[in-house]
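**Student:** What follows is a structure written as structure tokens; I'll ask about it next.
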Amino acid sequence: MQPLIHIAYASKATQAFDPGALAQLMQSASSANERRGLTGFLLYDNRHFFQLLEGPPAVVEETFQKIVADARHGEIVRILNEPLPARQFDEWSMSFMAMAPGELRAIDGLQDVFDADATFTQLNPAQARRVIAAFADGRWRQNIVGRASQGRATVPGAATDAPDLTAPASAAWASAYGRSYAYQPIVDTAALKVVSYEALVRGARGESAFQVLGAVPAAQLHGFDAEGRTEAIAQAARLGIACDLNLNFMPQSAVASPRVLDSTVAAARRCGIGLDRIVIEITETEAIQDHRGFSESIDVYRRQGLKVAIDDFGAGYSGLNLLAEFQPDQIKVDIALVRQIQVNGPRQSIVRAIVGLCRELCIDVIAEGIESTDQLRWLEDEGVHLFQGYLFAKPGFECLPMPAFPQPRQMQPSQTQAQTLTRPSQQE
């Protein structure tokens, strides 16, 4: 039997890559890889690569050296280089997956690693083997983009109804693959209830937002964004949503078309959802050059009852300037600020300042990315009571998942509810 080896390496991307273009690149190389007996997979998290190469030693080493010389890769770390008794990915002639941070944390044994802001380049050999195992045992295989060789047996545990993502990225993802939504609850731990669901775009069979949006050409993103909100509203109505609905919005769309939210308003009315239950989320990191002009465009809809939230607050550089011209109804504190906040003094100071500022401006604070009761308790002690995160519920594909609330603490006699941040007009 011909000897085999595998090399696992990680590298830092030296430029931004469209995941759709990367998928096409991998597909175009698929036949060449198969001819040379090279199999494996490539992961991309929008900053770093992790790749497994398996095959004859000379072929694997030659391929790896070409990658080392490729200017698109920086800080290359060879994590594994060892003999292989048998192929682990014999039906793949190299495959590709764009991974979101939440997906990386979901790999068995790696939650703490990626919670600590580690990257692929910081993985040790044991951790790299866990990444490989997550794909080898079938748990993640259905998410991989690639061309499986015809006629080869499916590895036990692999999905048999995996979506066919082998065709080139379509200029209109929705028409080629379909589009759907997952919904994640936003909860009020003081009232022990769901106050809203955020609609998160997915492919028709659960493909990640990163994959979906990466397949849409930049020129079509604004139209895709607007159409998506109407579909998310209609689906939420069919699911029987009885609370608010948070919808993502690209703020540059308001510049391109001042009446861009007309279709969202019409969809809400058509589905019997009051505009006071629709919350439009804009991301702070999105470039808004004209804060005043943006505010004027959005205020047309706010006067009809629609609410606005700033998502990922604290992740960009324009947050305070934006607040000076435009006061939203809500801000969602960026996940990076609340991660391990119970033991991180600088993050505590920053979040206290944000909470105090929002209290003065009568803006509701939502802490997102909550995954532990320690995070939750620290934030509750600072007066925050609106939360979103895996501690309560993961996004539910085409459903409205009910949250699991942690057991409440016994309130001490000295504790009061004076720090709650809900605006007085909403307290009922």
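Bear in mind these aren't lab numbers, they're just calculated from the coordinates by the rules spelled out. No experiment lies behind these values; they were computed from the predicted model shown. Quick reminder, even Gly has a Cβ in these numbers, built from the backbone with ideal geometry, and neighbours come from all protein chains shown.
**Student:** Can you bin the stretch 270-400 into rounded, prolate or oblate? Criterion: square roots of the alpha carbon gyration tensor eigenvalues sorted a ≥ b ≥ c, rounded for a/c under 1.5, prolate for a/b above b/c, oblate for the rest. It would help to have the intermediate numbers written out before the result.
**Tutor:** Working: a/c = 2.00, a/b = 1.28, b/c = 1.56.
In terms of gyration-tensor shape, oblate.
**Student:** Could you calculate the contour length gain from R352 to R129, that is, 0.36 nm times the residue separation minus the distance between their Cα atoms, to one decimal place in nm? Write out the running numbers ahead of the final one.
**Tutor:** Details: separation 223, 0.36 × 223 = 80.28 nm, distance 3.99 nm.
Taking 0.36 nm per residue and subtracting the Cα distance, the gain is 76.3 nm.
**Student:** At what distance in nm do the modelled label points of Q304 and Q327 sit from each other, each positioned 7 Å from its Cα along Cα→Cβ?
**Tutor:** The two pseudo-label positions are separated by 2.4 nm.
**Student:** Would you please classify the overall shape of the stretch 332-399 from the alpha carbon gyration tensor, given that a ≥ b ≥ c denote the square roots of the eigenvalues, rounded means a/c under 1.5, and beyond that prolate means a/b larger than b/c while oblate covers the rest? Before the final figure, lay out the partial values.
**Tutor:** Values: a/c = 2.20, a/b = 1.40, b/c = 1.58.
Oblate.
**Student:** Determine, for each peptide in 120-132, 74-86, the mean count of other beta carbons within 10 angstrom over its residues, then list the peptides with the highest first.
**Tutor:** Numbers: 120-132: 17.5, 74-86: 13.6.
Those peptides, ordered most packed to least, come out 120-132, 74-86.
**Student:** Does anything in the stretch 367-395 have its amide N under 18 Å from the 7 Å Cα→Cβ label point of A190, and if so which residues?
**Tutor:** Output list for this probe position: 367-368, 376-388.
**Student:** For L84 and C362, compute 0.36 nm times the residue count separating them, minus their Cα-Cα distance, and round to one decimal in nm.
**Tutor:** Working: separation 278, 0.36 × 278 = 100.08 nm, distance 6.09 nm.
Result: 94.0 nm gained on full extension.
**Student:** How would you rank 66-73, 222-229, highest first, on the average number of other Cβ atoms within 10 Å across their residues? Intermediate values should be presented prior to the final figure.
**Tutor:** On the way: 66-73: 11.9, 222-229: 19.0.
The packing order, highest mean first, is 222-229, 66-73.
**Student:** Could you tell me the calculated FRET efficiency between R270 and A69, based on Cβ-Cβ distance and R0 = 41 angstrom, to the nearest 0.05? Please list the in-between numbers first.
**Tutor:** Working: r = 57 Å, r/R0 = 1.38.
So the FRET efficiency works out to roughly 0.15.
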